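One structure is given below, encoded as structure tokens.
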Amino acid sequence: MPAGYSFFQRASRAFNDYPHLPKVLVLFTVSGGGLAAVCHTAFADAGQDDIKKKKVVVLGTGWAGTSFLKNLKDPSYSVQVVSPRNYFAFTPLLPSVTCGTVEARSIVEPIRNIVKKKKFDVDFKEAECYKIDTVNKKVHCKTTQQNHLGGGIEEFTVDYDYLVIAMGARANTFNTPGVVENAHFLKEVEDAQRIRRTVIDCFERASLPSISEEERKRILHFVVVGGGPAGVEFAAELHDFVKEDLAKLYPALKQYVKITLLEAGDNILNMFDKRITAFAEEKFARDGIQLKTGSMVVKVTDRDISTKERSSGQTVSIPYGMCVWATGIGTRPVIMDFMKQIGQTNRRVLATDEWLRVEGCNEIYALGDCATINQRSVMEDIAIIFSKADKNNSGTLRVDDFKEVIHDICERYPQVDLYLKKKQLKNFNALLKNSEDDTEINIEKFKKLLAEVDSQMKNLPATAQVAAQQGSYLADCFNRMKICEANPEGPLRFRGTGRHRFHPFRYRHLGQFAPLGGEQTAAQLPGDWVSIGHSTQWLWYSVYASKLVSWRTRVLVVSDWVRRSTFGRDSSRI
């Protein structure tokens with residue numbers, strides 16, 4: 001028996017007895033008629049913990065993606081983040097950036113600063129996802145760095161076990177000719193910086209002695225398209241910038257400045273309370289901001305905007321110097337391609353269930369502006385709901401028979417609660433007892449009672465508040481994935497057996513602000529509480545400062561506010 005055989009036997013036995021130890025590769029070579037053992041440590045199991053970790057890929061560093069990353073605590077995941085921006089931007093302050101009230105760098109936080117605080121590794125790649133492969137569970141990406149770095153565009157793929165799509169949306173042009181080429185958008189930090197430079201360019205060009213008076217009026221005509229919160233706030237910020245700062249620097253030009261707000265609907269801020277809408281329109285009239293409602297933009301050139309007036313049906317041409325397009329959001333091309341791939345071709349955005357899973361893709365989640373929750377209809381499941389309560393299969397039920405499923409019905413179908421509030425009913429029992437004969441209820445009477453419930457189904461607004469809450473909710477689900485798989489905590493599965501793993505996502509509206517300039521802000525808070533004026537502006541300052549993502553950005557933004565009130569806004573073209 002060779003001398004090395006007994007050594008090999010002992011080594012093999014040790015490997016079997018202590019499987020957790022690093023494996024040793026033993027090579028036997030012939031040396032001088034004998035066997036020499038050369039040992040190399042292979043560490044075959046050194047990465048065993050990494051192999052066990054589920055790969056979570058997050059696409060996007062906006063409100064939804066960043067909220068998910070900040071709240072994810074379970075170290076059993078291997079997280080990779082892919083985004084063309086290596087920072088998070090506090091987008092509600094973008095209108096302030098356009099006029100120098102707040103500096104651009106004050107509202108951004110590098111994403112690496114956020115993820116370095118995690119107790120587990122988070123890998124970030126500055127790249128753009130251009131394709132999602134659901135069959136092979138891969139995300140195809142390409143770099144977005146400038147070509148002057150050399151080497152051209154790099155492409156790579158990232159594997160995933162769970163995919164979180166939080167890519168946001170792009171500006172919606174409604175396919176209006178000339179918008180992309182001639183208008184400014186207000187979606188990104190770069191957009192706000194471009195607007196700021198263009199405003200200064202307009203004033204500098206208008207101050208040239210060779211410019212005619214008519215041309216000067218055109219150059220200093222600023223047109224804002226869209227009467228939503230972004231458009232209204234920008235118009236108010238621009239008015240304050242001109243009145244408080246630029247009028248002092250360009251005194252000969254202030255008589256030529258004109259700000260026009262175009263809105264296709266009947267009113268601006270139509271998602272707010274009517275009292276806020278009325279106050280905003282009155283204030284704009286006092287400030288000299290021209291408001292044109294019922295004006296739909298049909299074409300934009302480099303010098304004119306063509307609008308179709310609903311009142312007269314005529315097309316009007318409006319000369320302008322700068323146009324800001326703030327008319328809502330549209331779907332990104334990669335999301336549209338993904339929707340075609342999974343059979344959601346007839347939708348505007350990705351459809352998810354109440355747990356933010358993309359319909360038809362169990363391991364893919366979508367949140368924020370790129371997705372919407374496709375809430376199930378009560379009438380669609382009415383027979384199944386009734387059968388769950390009818391345990392004896394009698395075909396009729398008393399009010400008490402619904403006790404075990406009432407909570408699950410209200411949790412699974414949030415429109416039920418909204419309907420009860422609208423009808424001023426205390427609870428679901430009160431709805432059932434509202435029938436003419438409350439002793440027994442059959443399926444037809446049950447359908448009749450709930451026939452109008454689905455009228456309360458509403459899509460969530462595409463706001464930062466919704467996206468942040470969705471990111472936090474999904475992170476909490478991931479943190480408790482193992483616990484809830486063993487002990488489901490969600491409502492009953494009406495179309496199956498058992499319970500759902502998690503409670504469905506529920507949006508909690510915390511209120512909304514509309515800064516109107518002149519240190520006045522309108523706020524609509526829960527409970528139909530409306531506040532307008534200077535005191536609300538201080539509430540706006542407090543809330544926004546507290547919502548900033550880090551102490552660094554809080555200090556920077558507050559210092560910018562103090563600087564602006566002390567020294568005014570900076571008019572340098574940088």
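Taking the condition under 23 Å from the mean Cα position of the chain (by Cα) and of a type outside the set (S, T, N, Q), does residue 490 pass? Steps first, answer last, please.
On the way: under 23 Å from the mean Cα position of the chain (by Cα): no; of a type outside the set (S, T, N, Q): yes.
Taking the combined requirement at face value, the residue does not satisfy it.
Would you please name the residue that is modelled with the highest pLDDT, looking only at residues in the range 432-464 that are touching a Phe, Trp or Tyr at 6+ places or on another chain (Cβ under 8 Å) and assigned to a helix (DSSP H, G or I)?
464
Within the group 285, 278, 235, 252, which residue is assigned to a helix (DSSP H, G or I) and touching a residue at least 12 places away in the same chain (Cβ under 8 Å)? If you could, list the steps in order and put the result at the bottom.
Details: 285 fails: touching a residue at least 12 places away in the same chain (Cβ under 8 Å); 278 fails: touching a residue at least 12 places away in the same chain (Cβ under 8 Å); 252 fails: assigned to a helix (DSSP H, G or I).
From the options 285, 278, 235, 252, the qualifying one is 235.
Could you check the range 493-515 and list, in sequence order, the residues that are open to solvent by less than 40 Å² (accessible area, probe 1.4 Å) and either more than 24 Å from the chain's Cα centre (by Cα) or closer than 21 Å to residue 406 by Cβ (or both)? Break it down into steps so the answer makes sense when it comes.
Taking the range 493-515 and keeping what is open to solvent by less than 40 Å² (accessible area, probe 1.4 Å), we get 494, 496, 500, 502, 504-505, 511, 513-515.
Passing the criteria: 494, 496, 500, 502, 504, 505.
Out of the range 363-402, which residues are in a strand (DSSP E or B) and either closer than 16 Å to residue 459 by Cα or at pLDDT 85 or above (or both)?
Restricting attention to the range 363-402, the residues satisfying the condition of being in a strand (DSSP E or B) are 364-366, 371-373, 396-397.
Residues satisfying the conditions are 364, 365, 366, 371, 372, 373.
Checking the structure you have, find out if any residue of the range 233-243 is touching a strand residue (DSSP E or B) at 6+ places or on another chain (Cβ under 7 Å) and small (Gly, Ala, Ser). Before you say what the answer is, go through the steps one by one.
Filtering the range 233-243 for residues touching a strand residue (DSSP E or B) at 6+ places or on another chain (Cβ under 7 Å) gives 233-236, 238-239.
Then keep just the ones that are small (Gly, Ala, Ser); that gives 235-236.
So far as the range 233-243 goes, yes, one or more of its residues are touching a strand residue (DSSP E or B) at 6+ places or on another chain (Cβ under 7 Å) and small (Gly, Ala, Ser).
Can you find, within the range 105-135, the residue that is surrounded by the most Cβ atoms within 10 Å (Cβ to Cβ) among those that are under 19 Å from residue 562 (Cα atoms) and over 20 Å from the mean Cα position of the chain (by Cα)? Walk me through how you get there before you give the answer.
As a first pass, look at the range 105-135 and keep what is under 19 Å from residue 562 (Cα atoms): 105-108.
Of the ones still in play, those that are also over 20 Å from the mean Cα position of the chain (by Cα) are 105-106.
Details: 105: 13, 106: 22.
Ranking the qualifying residues of the range 105-135, first place goes to 106.
Please state which one of 71, 86 is closer than 19 Å to residue 187 by Cα and surrounded by fewer than 21 Cβ atoms within 10 Å (Cβ to Cβ). Walk me through how you get there before you give the answer.
Details: 71 fails: closer than 19 Å to residue 187 by Cα.
Going through 71, 86 in turn, the sole match is 86.
Considering only residues that are touching a residue at least 40 places away in the same chain (Cβ under 8 Å) and not β-branched (Val, Ile, Thr), look in the range 402-417 and name the one that is surrounded by the fewest Cβ atoms within 10 Å (Cβ to Cβ).
407
Take the residues of the range 318-362 that are of a type in the set (A, V, I, L, M, F, W, C), part of a loop (DSSP other than H, G, I, E, B) and out of contact with any helix residue (DSSP H, G or I) (no Cβ under 9 Å at 6 or more places or on another chain): which is surrounded by the fewest Cβ atoms within 10 Å (Cβ to Cβ)? Spell out how you get there, then give the answer.
Of all residues in the range 318-362, those of a type in the set (A, V, I, L, M, F, W, C) come to 318, 322-326, 329, 334-336, 338-339, 342, 349-351, 355-356, 358, 361.
Then drop every residue that is not part of a loop (DSSP other than H, G, I, E, B), which leaves 326, 342, 349, 355-356, 361.
Going one step further and asking which of them are out of contact with any helix residue (DSSP H, G or I) (no Cβ under 9 Å at 6 or more places or on another chain), we end up with 342, 361.
Working: 342: 16, 361: 18.
Among them, the one singled out is 342.
Would you please name the residue that is most open to solvent (accessible area, probe 1.4 Å), looking only at residues in the range 281-302 that are of a type in the set (Gly, Ala, Ser) and closer than 27 Å to residue 182 by Cβ?
We begin by selecting, within the range 281-302, every residue of a type in the set (Gly, Ala, Ser); these are 285, 288, 294-295.
Within this subset, residues satisfying the condition of being closer than 27 Å to residue 182 by Cβ are 288, 294-295.
On the way: 288: 56, 294: 7, 295: 4 Å².
Ranking the qualifying residues of the range 281-302, first place goes to 288.
Return a yes/no flag: does the range 418-432 have any residue that is touching a residue at least 40 places away in the same chain (Cβ under 8 Å) and either hydroxyl-bearing (Ser, Thr, Tyr) or open to solvent by less than 40 Å² (accessible area, probe 1.4 Å) (or both).
No: the range 418-432 contains no residue that is touching a residue at least 40 places away in the same chain (Cβ under 8 Å) and either hydroxyl-bearing (Ser, Thr, Tyr) or open to solvent by less than 40 Å² (accessible area, probe 1.4 Å) (or both).
Among the residues of the range 534-574, which ones are out of contact with any Phe, Trp or Tyr (no Cβ under 9 Å at 6 or more places or on another chain), open to solvent by less than 70 Å² (accessible area, probe 1.4 Å), of a type in the set (Gly, Ala, Ser) and more than 30 Å from residue 68 (Cβ to Cβ)?
568, 572
Under 7 Å by Cβ, and 6 or more places apart or on different chains, what pairs join a residue from the range 491-509 that is of a type in the set (Gly, Ala, Ser) with one that is at pLDDT 90 or above?
Final answer for the pair search is 498/488.
Which condition breaks for residue 63 when tested against (1) open to solvent by 10 Å² or more (accessible area, probe 1.4 Å); (2) on the phi < 0 side of the Ramachandran plot; (3) touching a residue at least 12 places away in the same chain (Cβ under 8 Å); (4) more than 16 Å from the chain's Cα centre (by Cα)?
(4)
Any residue at all in the range 247-264 that's within 26 Å of the chain's Cα centre (by Cα) and open to solvent by 10 Å² or more (accessible area, probe 1.4 Å)?
yes
Residue check, residue 92 against (1) open to solvent by less than 10 Å² (accessible area, probe 1.4 Å); (2) part of a helix (DSSP H, G or I), all met but one. Which one?
Result: residue 92 passes all but (1).
If we only count strands (runs of 3 or more DSSP E) wholly inside the range 103-197, which ones have 1 or more residues that are within 26 Å of residue 352 (Cα to Cα) and among the aromatic types (Phe, Trp, Tyr)? Walk me through it before giving the result.
Details: elements: 108-110, 122-133, 138-143, 155-159, 162-165.
By residue number, 122-133, 162-165.
The values are calculated or read from the model by the stated rules, or taken from the named source; none is laboratory data. Bear in mind the structure is a predicted one, so any value in this text is a computation, not a measurement. Cβ sites come from the backbone with ideal geometry, for glycine too, and all protein chains shown count toward neighbours. Just so you know, the surface numbers come from the protein's heavy atoms only, side chains and all, with ligands and any DNA or RNA stripped out. Shrake-Rupley method; radii C 1.70, N 1.55, O 1.52, S 1.80 Å.
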